[in-house]
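Take a look at the structure below.
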Amino acid sequence: MRKKVTIVGAGNVGATTAQLVAERGLADIVLIDIAEGIPQGKALDIQEACPLWGSSSRVTGSNGYIESVNSDIVVITAGFARKPDMSRDDLLQANARVVREIAENIVSSPQAIVIVVTNPMDVMAYLTLKVSGFSHQKVVGMGGVLDTTRLRAFIAIERNVSPEDVHAIVLGGHGDQMVPLPRLTTVNGVPLTELLPGDKIDRLIDRTRDAGAEIVGMLKTGSAFYAPAASTVEMIEAIINDDGRVLPCSAYLDGQYGIKDVYMGVPVRLGSRGVEEIIELQLTPEEKEAFNKSADSVKSLIQELKL
């Protein structure tokens, strides 16, 4: 029986995610948005491309949730995008209202794994968990995959190597409070710290931390969507294939890394049951301090929601 993936939000991130899922033939897709005609039109456009991709995916657009019942995966991308000089945290209250309504409606798919993309992502994952009543293993945030792939891309450009040979680890909150680990980042097994001087590594980390804002500044009227969509599909594929992939995702911590009751980016084994294992790395005192600071930042935003 084919899997069903529901994507809530037919903007750039949601529609591109739908396109990539259909292009790979991973599942049938339901694309939901409140804007009448938008999800229907984009879904039909993607469906008409499926023969060219050799894909048997069925793509449906809707303004409601009836078609999404019994989805295997629900992706939440709906919300307001950042504008220039606007942080992810500025979006907190506006997007919380959007995500709360979505979380109340996705309970019609009680077996679903929920991937949260909407920013501020770690906080929106926590809100989804509390409102939906799902187990914390079944609600996961996307940010870590995106932060990691951005760092990999910048390292590959700097060293003029294939990004496939670059392996990186980024922990912590998505965005400004991310915690990259250069000592565990490698190029075909060679530690990054042996390939680049410290000042160049710092510049790459700073660019990764500001990558979303860099794109927002260039676009003026939008934000990144190709890399966020591809990162989301990486997670969807790991869940559907259930092949033991270890990915950096925002997961609910219940004592791991000494942190409780907060979503943070950590390495997880992601599979058909959602977050099947959280892998705890041995952090240096400096890394631990940065990780704790990142967790405190996410917790302060959670408190602003007054759940």
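The values are calculated or read from the model by the stated rules, or taken from the named source; none is laboratory data. Please read these numbers as outputs of a predicted model, since none were measured by experiment. Neighbour counts run over all protein chains shown; Cβ positions are idealised from the backbone, glycine included. We work out accessible area using only protein heavy atoms, side chains counted, and drop any ligands, DNA or RNA first. Shrake-Rupley method; radii C 1.70, N 1.55, O 1.52, S 1.80 Å.
Does residue 102 count as on the phi < 0 side of the Ramachandran plot, in contact (Cβ under 8 Å) with a residue 12 or more places away in the chain, in a helix (DSSP H, G or I) and more than 16 Å from the chain's Cα centre (by Cα)?
Considered against the rule, which asks whether it is on the phi < 0 side of the Ramachandran plot, in contact (Cβ under 8 Å) with a residue 12 or more places away in the chain, in a helix (DSSP H, G or I) and more than 16 Å from the chain's Cα centre (by Cα), residue 102 comes out as yes.
Residues in region 273-292: is at least one of a type in the set (Phe, Trp, Tyr) and either without any contact (Cβ under 8 Å) to a residue 40 or more places away in the chain or in contact with a Cys (Cβ under 8 Å, 6 or more places away or on another chain) (or both)?
No: zero hits.
Would it be correct to say that residue 153 is among the small types (Gly, Ala, Ser), over 26 Å from residue 257 (Cα atoms) and surrounded by 19 or more Cβ atoms within 10 Å (Cβ to Cβ)?
It is false that residue 153 is among the small types (Gly, Ala, Ser), over 26 Å from residue 257 (Cα atoms) and surrounded by 19 or more Cβ atoms within 10 Å (Cβ to Cβ).
Does region 58-76 include one or more residues that are surrounded by fewer than 24 Cβ atoms within 10 Å (Cβ to Cβ) and more than 16 Å from residue 6 (Cβ to Cβ)?
no
For (1) in contact (Cβ under 8 Å) with a residue 24 or more places away in the chain; (2) open to solvent by 10 Å² or more (accessible area, probe 1.4 Å); (3) of a type outside the set (S, T, N, Q), each residue gets a yes or a no:
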{"site": "175", "(1), (2), (3)": "yes, no, yes"}
{"site": "186", "(1), (2), (3)": "no, yes, no"}
{"site": "191", "(1), (2), (3)": "no, yes, yes"}
{"site": "194", "(1), (2), (3)": "no, yes, yes"}
{"site": "249", "(1), (2), (3)": "yes, no, yes"}
{"site": "265", "(1), (2), (3)": "yes, no, yes"}
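Go through region 270-307 and give me each residue that's surrounded by 13 or more Cβ atoms within 10 Å (Cβ to Cβ) and either of a type in the set (S, T, N, Q) or part of a strand (DSSP E or B) (or both).
270, 271, 272, 274, 275, 276, 277, 278, 292, 294, 297
Go through region 244-271 and report how many residues are of a type outside the set (Gly, Ala, Ser), out of contact with any Leu (no Cβ under 9 Å at 6 or more places or on another chain) and closer than 21 Å to residue 29 by Cβ.
Selection size over region 244-271: 0.
Filtering region 1-57 down to residues that are free of Cβ contacts under 8 Å to residues at least 12 places away in the same chain and over 19 Å from residue 79 (Cα atoms), which residue is nearest to the chain's Cα centre (by Cα)?
Result: 45.
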